[in-house]
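Enquirer: Quick one: structure below, then a few questions.
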Amino acid sequence: MSSDDELAERLRAGDETALRAAYDRHGAAVLYLAQRLLGNRADAEDVTQVTFVAAWTGRDGFDPQRGSMLGWLLGIARRKAVDRLRSAAREDRVTETVRAQLAPSEEAETPEKVVDRLVVADELSRLPEEQRRTLELAFFDDLTHPQIAAVTGLPLGTVKSHIRRGMANLRRRWEVDGAAFGSRSAGATRAL
């Protein structure tokens, strides 16, 4: 029996030290794959952590007859990296929607655009204070996440979380109103 087979047995039995041993043995390979897929060390580290948490919670699903532990872990990492990329793409789309709604336009504003800007302002006012403040700094003041952390004194991860949650709250509210992918009037006709 190979050492990975023994490690897999211990992991499936719920031995927490086996998870640490799996991380020590295969963590670098998982991190390498995540970094190659994401192109960002910080996101790759997050995906590596999420991969091993998923491996622990899904340890009953590992079957050494179907493949190696490394292959199983890399499969989880790949799925988690793809999830992260999809999430980032969704956030980018929402960010562009918010910027388009909030950015002052040199064109004459139509009544629909005025209504959309008022809706965005109203929705922002409903967010918790810290989420609203980080979004305002990001979109109105065009600050980066590290700059927002410096201005507010919040940790960088907290700033990112506030922005992500604030955007998610806005997205949920806009989707209910039918405004996530265009003006409110376009959403209203879709609902009919």
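Enquirer: Picking from Val119, Leu11, Ile148, whose Cα lies most toward the positive end of the charge dipole for the chain (charges on Cβ: Lys, Arg +1; Asp, Glu -1)?
Expert: Leu11
Enquirer: Which longest run of the chain has no exposed loop site in it, a site being GluC sites (Glu not before Pro) in a DSSP loop with at most 14 other beta carbons within 10 Å, and the site itself not part of the run?
Expert: 1-105
Enquirer: I would also like to ask the following. Please give the net charge around Glu130, taking every other residue with its beta carbon less than 13 angstrom from that of Glu130, where Lys and Arg add +1 and Asp and Glu add -1.
Expert: Computed value for this residue: +3.
Enquirer: Further question on the same structure: Compare the peptides 33-41, 165-173 by average per-residue count of other Cβ atoms within 10 angstrom and give them in order, highest first.
Expert: 165-173, 33-41
Enquirer: Please turn the phi angles of region 38-52 into ³J(HN,Hα) values with the Karplus equation 6.51 cos²θ - 1.76 cosθ + 1.60 (θ = phi - 60°), one per residue in order, whole Hz, x for glycine and proline.
Expert: My calculation for region 38-52 gives 9, x, 9, 4, 4, 5, 5, 5, 4, 5, 4, 4, 4, 4, 6 Hz in order.
Enquirer: Which residue, Val53, Pro128, Leu70, has the largest displacement toward the positive end of the dipole of the chain when charges sit on each Cβ (Lys, Arg +1; Asp, Glu -1)?
Expert: Leu70
Enquirer: Can you tell me the 0 to 90 degree angle between the C-alpha axis of helix 3-12 and the longest principal axis of the chain, rounded to 10?
Expert: Tilt of helix 3-12: around 60 degrees.
Enquirer: Counting helices only, and only those DSSP H runs with n ≥ 4, report the 222 nm mean residue ellipticity of the chain as the sum of -39,500 (n - 2.57) divided by its residues, in deg cm²/dmol to the nearest 500.
Expert: Calculated at 222 nm, the ellipticity per residue is -26000 deg cm²/dmol.
Enquirer: Between (i) 1.20; (ii) 1.16; (iii) 1.36, which entry matches Cα Rg over 2.2 N^0.38 Å as derived from the coordinates of this structure?
Expert: Structure-derived value, by its label: (iii).
Read-outs: derived from the displayed coordinates by stated rules, not from any lab. All figures in this text were calculated on a predicted structure; none of them were measured in a lab. Cβ coordinates were reconstructed from backbone atoms using ideal geometry, including for glycine residues, and neighbour counts include every protein chain displayed.
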